[in-house]
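What follows is a single structure, written as structure tokens, with notes after it.
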Amino acid sequence: MVISFGREICSNLNIAESHEWLVTNGIGGYASGTVANLLTRRYHGLLIAALKPPLARTLLLTKLDETVECNGQYYPLYCNRWADGTEEPEGYRQIEKFFLEGRIPV
């Protein structure tokens, strides 16, 4: 089974934030997030380790704010939702495609 989403899904925040991914390491640790690179759940993060496997899960790395520079222009690829409901920056608008390479989100 191939999982792949194009620009029509990736650049639409309402849809992209509802598509989630999860990668586990088999001993209780994991990484999870959304296609929009927007954290929507308290357990989303890039490195959640089971310090006493399979228990004591600890969030070690929440997220990275990826930005691409091209010809002096900067393009954020991440998004934050603030307490007032504002989403900024709108990095999801720059994402052309999301797919799984094996079981790894790309």
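Only the coordinates and a few stated rules stand behind these numbers; no lab work does. It should be emphasised that the depicted structure is a prediction, and the values quoted were computed from it without experimental measurement. Positions of Cβ are backbone-derived with ideal geometry, glycine not excepted, and every protein chain shown enters the neighbour counts.
Points to keep in mind about this one:
- Debye log10 I(q)/I(0) for the chain, one point scatterer per Cα, at q = 0.13 Å⁻¹: -0.52
- Projecting label points 7 angstrom from Cα along Cα→Cβ for Leu77 and Arg42 puts them 3.0 nm apart.
- The relative contact order of the chain, computed from alpha carbon pairs under 8 Å that lie at least 6 residues apart in sequence, is 27 percent.
- The modelled label-to-label distance for the pair Glu88/Glu101, using points 7 Å beyond Cα in the direction of Cβ, is 3.3 nm.
- Extension gain from Lys63 to Val2, taking 0.36 nm per residue of separation minus the Cα-Cα distance: 19.4 nm
- Taking only the C-alpha atoms of the stretch 16-64, Rg followed by Dmax gives 10.7, 33 Å.
- Rg/Rg_globular for the stretch 64-106, with Rg_globular taken as 2.2 N^0.38 Å and Rg from C-alpha atoms: 1.38
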